[in-house]
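Enquirer: First the structure, which I've put down as structure tokens, then a few questions once you've had a look.
The values are calculated or read from the model by the stated rules, or taken from the named source; none is laboratory data. None of these values were measured; they are calculated from a predicted model. Neighbour counts are summed over all protein chains in view; Cβ atoms, including those assigned to glycine, are modelled from backbone coordinates with ideal geometry. When the accessible area is computed, the model is the full protein with side chains, heavy atoms only, and any ligands, DNA or RNA have been set aside. Shrake-Rupley method; radii C 1.70, N 1.55, O 1.52, S 1.80 Å.
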Amino acid sequence: MDLSYYSYLAQTIPPRELARALAVRARRAVVSRLRPLISDAPAEQRRARALYALTESRPSVVEPWEREPTARLLRERWPESCAAVLREAEAARRGVLTIFGRSIECGSPIDYHRDPLAPHVRYDAQEPGERVDLFRPGADAKAMWEVGRLQHLWRFAQARWLAETIGERSEWARAWIDAVRHFRAANPAGFGVQWSCAMEVSLRAMNVALTFAYVRDDAALDGTFTGELLDMLDEHCAYVESHLEETGAIRTNHYAADLVGLVVVGALFPEVQRRWALEKLWEEIPRQCRQDGTHFESSTGYQRLCAELFLAAVLAVRATGETVPREILTAVRGLHRSLALTLKPSGAMPQIGDLDSCRGLPLVPRSALDASFLAPLGAAALDDPSLKAGECPPEVAWLLGPDGVRTFDLLEDDARPGNVLLRDAGIAVLRSGDAWLCMSAGPNGQGGTGGHAHNDKNSVELSIGATDLVVDRGTFVYARDASERNARRGTAGHSTVQIDGLEQNRIVPGRLFALPDTAGAQILRVERRDGFELATGSHTGYRSVGVTHRRIAALSADAAAFVDELRGRGEHRLTLRWYVPRTDLVQRAATPEEALRLEKLHDAGLAFGYDTSRCVAVGDVALFAFGATLPWQLSVTATDVSPGYGEKVFARLIALDFAGSVPARLFTAVLFLHAQ
């Protein structure tokens, strides 16, 4: 037992939250054996319920009569996106699913108990979900859950809307029906890895409920299947209800997702509604959203997920005719807006904290970091011109129909990206011409417990146009490889300064989602001065050895410069790292023209001087140059970065090693060569 970690929790978590968690656990111990997993409604009542569900109108985010105009609009305006949707639909019908950016053979019919990324790993389908070991060596339940969320139902449903004949539409409807039936037969309620996490159960039910609208008017659906569908949704809601993830000291995105699934399913299928869930969700959303609009888990990936989930809940509740509270709309808008403010010129989001590539509304195939669609979708759904940025994405048509596209087109474009300071999150974004820079110096998420946060204090990402020059090393994996997990969330996995091999915040042994927040990181200011956009970040994560790290990042249209100030005392070993997602790096001297440009950075006060004989060129795109008040050794080594969960691409690590006394200053310049 790590007593220091528990002592930290006792000092960090509000006593009321600790008492709440203990009370929930006690209550669950009493009632868990009394609540059945499925409804015990008489057979006659269930048949009547099924006939009602099939024949009567019901709340829906999209209506069946919108199929033809929506499909026509999609084919005309987004033909490539439609083709990608159809390719994934055809592949899914063969048992080939897109798992973390790769097409993986998952069996025909799909095997929901074998790890698609490690076929030698198989889970016992008869084991109660609560007893499944989610941390067994070499296994990663996330891969299983990616299959078990039934996201391929979206592709079957979408393919049905895009089909041009009644026969083709019915084939896709039958594919949707068969997928639902097969899952239920292969995964009895409460058993196996697909029932080991309430969040996954909830998101699966949500995907079923949302996609039903796209197939509900097909002749292939009958009362028998609709009754099975209602029973399945009831099973899922009952399981989530009895396994709400609220027993921890901090309620996370898991708890919110539990509630979202219950709310969406209950709104669209009143027969299985849990009315209490709506009140709980309206309480939870503002609690998880900061004043600057960011999500409290300090992860851009999980912020995108929650933005999609909360938007789904808003749309489902609106479909019932209910009014959504203003504070909920404000919070949901904030999630969309704050993430949009951080986006690169390519539309990708910076990797801050964990990225598990999870999506709440997987309407269109996209790369793991692509968040370009999110704010425009929010603009159309919430009728908010401040979220309108760029072109209308196909997600708007799929979720809101032609009316949603018209709403987007008629909105005035109020989005004006520039320099950004998200103070609560500790994120600064600088823009100058085609250049973009993001600095992360914020608190660890989940109320200081860490969760999905990284030791990325004063770490940066840098892009020029669509070309990434400096990136976060990424997440890659959770439970399958604990050492890999810790290496990537550790200080050495980020483009920042490390002192004496120490971590900025302690990584707790054996706890892959614990990262006590002791570094005191913050963005001090964002400003414009002497032709440069400037951001300054600071943290005290090395105070155990008496050192504070402050970084000044400067950006102009033709260069970026970084000044790392190490304040304190004593002799230390320092390492400055830059992760470059390319392999065409060459060590060389600066040309006379490049040396002149570096001298101008020196004149601007951004360096005492650079060693122009030891630079690193990145293809014909950029040149890195370095200087310091200490002697240094330069190395460029092969590594990898992870642009999505389970994904790796070749990269290079530029590392500078220093030894000497502090105070010290380190200087890095990045010249954009197109600007010569």
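Enquirer: Restrict the check to the range 275-298 and report whether at least one residue is open to solvent by 10 Å² or more (accessible area, probe 1.4 Å), modelled with pLDDT under 95 and more than 25 Å from GLY442 (Cβ to Cβ).
Expert: Looking through the range 275-298, at least one residue is open to solvent by 10 Å² or more (accessible area, probe 1.4 Å), modelled with pLDDT under 95 and more than 25 Å from GLY442 (Cβ to Cβ).
Enquirer: Taking the conditions exactly as written (part of a helix (DSSP H, G or I), open to solvent by less than 10 Å² (accessible area, probe 1.4 Å) and free of Cβ contacts under 8 Å to residues at least 60 places away in the same chain), does VAL396 satisfy them or not?
Expert: Answer is yes for this residue.
Enquirer: Here is a further query. Answer yes if at least one residue in the range 579-591 is charged (D, E, K, R) and open to solvent by less than 40 Å² (accessible area, probe 1.4 Å), and no otherwise. Quick ask: steps written out before the conclusion?
Expert: At the first step, the residues of the range 579-591 found to be charged (D, E, K, R) are 582, 584, 588.
Cutting the leftovers down to open to solvent by less than 40 Å² (accessible area, probe 1.4 Å) gives us none.
Checking the range 579-591: not a single residue is charged (D, E, K, R) and open to solvent by less than 40 Å² (accessible area, probe 1.4 Å).
Enquirer: At pLDDT 95 or above, assigned to a strand (DSSP E or B) and over 12 Å from GLN587 (Cα atoms): is that true of GLY627 in this structure?
Expert: Yes, satisfied.
Enquirer: If only one of GLN504, GLN498 is in contact with a strand residue (DSSP E or B) (Cβ under 8 Å, 6 or more places away or on another chain), part of a loop (DSSP other than H, G, I, E, B) and open to solvent by less than 20 Å² (accessible area, probe 1.4 Å), which one is it?
Expert: GLN504
Enquirer: Just checking, how many residues over the range 508-525 are crowded, with 19+ Cβ neighbours inside 10 Å and either closer than 21 Å to GLU461 by Cα or touching a Leu at 6+ places or on another chain (Cβ under 7 Å) (or both)?
Expert: Adding up the residues that qualify gives 3.
Enquirer: Can I ask one more? Being surrounded by fewer than 20 Cβ atoms within 10 Å (Cβ to Cβ) and of a type in the set (A, V, I, L, M, F, W, C) is the filter; apply it to the range 62-72 and report the residue that is nearest to ARG149 (Cα to Cα).
Expert: My answer is ALA71.
Enquirer: Please go through the range 192-225 and give me each residue that is hydroxyl-bearing (Ser, Thr, Tyr) and either modelled with pLDDT of 95 or more or not in a helix (DSSP H, G or I) (or both), ordered by number.
Expert: Across the range 192-225, the qualifying residues are SER196, SER202, THR211, TYR214.
Enquirer: Does GLY360 satisfy the criteria of being under 15 Å from HIS336 (Cβ atoms), part of a loop (DSSP other than H, G, I, E, B) and touching a residue at least 60 places away in the same chain (Cβ under 8 Å)?
Expert: yes
Enquirer: Also: With the structure loaded, tell me whether SER386 is among the polar types (S, T, N, Q), within 21 Å of the chain's Cα centre (by Cα) and open to solvent by 10 Å² or more (accessible area, probe 1.4 Å) or whether it fails that test. Walk me through it before giving the result.
Expert: On the way: among the polar types (S, T, N, Q): yes; within 21 Å of the chain's Cα centre (by Cα): no; open to solvent by 10 Å² or more (accessible area, probe 1.4 Å): yes.
So SER386 fails the test.
Enquirer: If we scan the range 111-127, do we find a residue that is touching a helix residue (DSSP H, G or I) at 6+ places or on another chain (Cβ under 6 Å) and free of Cβ contacts under 8 Å to residues at least 60 places away in the same chain?
Expert: For the range 111-127, residues touching a helix residue (DSSP H, G or I) at 6+ places or on another chain (Cβ under 6 Å) and free of Cβ contacts under 8 Å to residues at least 60 places away in the same chain: present.
Enquirer: Continuing with this model, one more query. Among the candidates VAL429, VAL405, which residue alone is open to solvent by less than 10 Å² (accessible area, probe 1.4 Å), of a type outside the set (S, T, N, Q) and more than 30 Å from ALA560 (Cβ to Cβ)?
Expert: When all the criteria are applied, what remains is VAL405.
Enquirer: The conditions are (1) over 28 Å from ASP234 (Cβ atoms); (2) touching a helix residue (DSSP H, G or I) at 6+ places or on another chain (Cβ under 8 Å); (3) surrounded by fewer than 21 Cβ atoms within 10 Å (Cβ to Cβ), and PRO59 fails exactly one of them. Which is it?
Expert: (1)
Enquirer: Would it be correct to say that PRO350 is farther than 21 Å from ALA205 by Cβ, open to solvent by 10 Å² or more (accessible area, probe 1.4 Å) and under 20 Å from the mean Cα position of the chain (by Cα)?
Expert: Details: farther than 21 Å from ALA205 by Cβ: yes; open to solvent by 10 Å² or more (accessible area, probe 1.4 Å): no; under 20 Å from the mean Cα position of the chain (by Cα): yes.
Here the answer is no, as PRO350 does not meet what is asked.
Enquirer: From ARG614, ARG567, ARG597, grab the single residue that is open to solvent by 20 Å² or more (accessible area, probe 1.4 Å), within 30 Å of THR300 (Cβ to Cβ) and modelled with pLDDT of 95 or more. Walk me through how you get there before you give the answer.
Expert: Details: ARG614 fails: within 30 Å of THR300 (Cβ to Cβ); ARG597 fails: within 30 Å of THR300 (Cβ to Cβ).
None of the others qualify; the one that does is ARG567.
Enquirer: Further question on the same structure: Of GLY378, GLY401, GLY447, which residue is at positive phi and either within 20 Å of the chain's Cα centre (by Cα) or in a loop (DSSP other than H, G, I, E, B) (or both)? Show your work before the answer.
Expert: On the way: GLY378 fails: at positive phi; GLY401 fails: either within 20 Å of the chain's Cα centre (by Cα) or in a loop (DSSP other than H, G, I, E, B) (or both).
When all the criteria are applied, what remains is GLY447.
Enquirer: Also: Test each condition in (1) more than 30 Å from THR575 (Cβ to Cβ); (2) crowded, with 19+ Cβ neighbours inside 10 Å for SER459 and report the one that comes out false.
Expert: For SER459, the failing item is (1).
Enquirer: Can you say whether ALA625 is in contact with a Lys or Arg (Cβ under 9 Å, 6 or more places away or on another chain), free of Cβ contacts under 8 Å to residues at least 40 places away in the same chain and not charged (D, E, K, R), as far as the supplied structure shows?
Expert: Against the criterion (in contact with a Lys or Arg (Cβ under 9 Å, 6 or more places away or on another chain), free of Cβ contacts under 8 Å to residues at least 40 places away in the same chain and not charged (D, E, K, R)), ALA625 does not qualify.
Enquirer: I'd like the residue in the range 408-426 that is open to solvent by less than 60 Å² (accessible area, probe 1.4 Å) and in a loop (DSSP other than H, G, I, E, B) and, out of all such residues, is nearest to ASP383 (Cα to Cα).
Expert: LEU411
Enquirer: For ALA659, are the conditions met, namely being open to solvent by 50 Å² or more (accessible area, probe 1.4 Å) and either modelled with pLDDT of 95 or more or not in a helix (DSSP H, G or I) (or both)?
Expert: Details: open to solvent by 50 Å² or more (accessible area, probe 1.4 Å): yes; either modelled with pLDDT of 95 or more or not in a helix (DSSP H, G or I) (or both): yes.
Yes, satisfied.
Enquirer: Here's a follow-up. Consider ASP472 against the criteria (1) surrounded by fewer than 19 Cβ atoms within 10 Å (Cβ to Cβ); (2) part of a loop (DSSP other than H, G, I, E, B): it satisfies all of them except one. Which criterion is unmet?
Expert: Of the numbered conditions (1) surrounded by fewer than 19 Cβ atoms within 10 Å (Cβ to Cβ); (2) part of a loop (DSSP other than H, G, I, E, B), the odd one out for ASP472 is (1).
Enquirer: Of a type in the set (D, E, K, R), more than 30 Å from ARG251 (Cβ to Cβ) and part of a loop (DSSP other than H, G, I, E, B): is that true of ARG582 in this structure?
Expert: Spelling it out, ARG582 is indeed of a type in the set (D, E, K, R), more than 30 Å from ARG251 (Cβ to Cβ) and part of a loop (DSSP other than H, G, I, E, B).
Enquirer: Only one of ILE250, ILE352 is in contact (Cβ under 8 Å) with a residue 60 or more places away in the chain, of a type in the set (A, V, I, L, M, F, W, C), touching an Asp or Glu at 6+ places or on another chain (Cβ under 9 Å) and within 21 Å of ARG366 (Cβ to Cβ). Can you tell me which? It would help to see each step written out before you state the result.
Expert: Numbers: ILE250 fails: within 21 Å of ARG366 (Cβ to Cβ).
On inspection, the qualifying residue turns out to be ILE352.
Enquirer: Select from the range 369-383 the residues that are open to solvent by 10 Å² or more (accessible area, probe 1.4 Å) and in contact with a strand residue (DSSP E or B) (Cβ under 9 Å, 6 or more places away or on another chain) and list them in ascending order.
Expert: Within the range 369-383, LEU369, ASP370, SER372 qualify.
Enquirer: Mind listing whichever residues of the range 258-273 are open to solvent by less than 40 Å² (accessible area, probe 1.4 Å) and outside any helix (DSSP H, G or I)?
Expert: Of everything in the range 258-273, just one residue is open to solvent by less than 40 Å² (accessible area, probe 1.4 Å) and outside any helix (DSSP H, G or I), namely PHE269.
Enquirer: If you check ASN486 against the conditions, is it open to solvent by 10 Å² or more (accessible area, probe 1.4 Å) and either in contact with a Leu (Cβ under 9 Å, 6 or more places away or on another chain) or part of a loop (DSSP other than H, G, I, E, B) (or both)?
Expert: yes
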